Amino acid sequence: MIAAYILIQTEVGVIGSVAAEVAGIKGVASAEAVTGPYDVIARAEARNLDELGKLVVRRVQAVPGVIRTLTCPVIHL
């Protein structure tokens, strides 16, 4: 299992709706609106890196209002 944080930039005025829709995607554990250079931060889990990539590209980036994402896989040191 691989976990990652997905940092999401949105169009102006849609942060709440993007956070809510992303939170409802299967594989997303949580999604919350934040302040700073990103508008929403989501935590996602997938079986492997390929599945994580598909989740981000096919599902998260397809949410209306999403402009850009940055995926940060969790590592265990």
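Computed from the coordinates by the stated procedures, all read-outs in this text should not be read as laboratory data. Just so it is clear, the model here is predicted, and its values are computed rather than measured. Positions of Cβ are backbone-derived with ideal geometry, glycine not excepted, and every protein chain shown enters the neighbour counts.
For the reader, a short list of remarks on this structure follows.
- Qualifying position, being free of Cβ contacts under 8 Å to residues at least 60 places away in the same chain and of a type in the set (Val, Ile, Thr), among Ile67, Ile2: Ile67
- Selection count, segment 26-52, where residues are closer than 18 Å to Val74 by Cβ and under 13 Å from the mean Cα position of the chain (by Cα): 16
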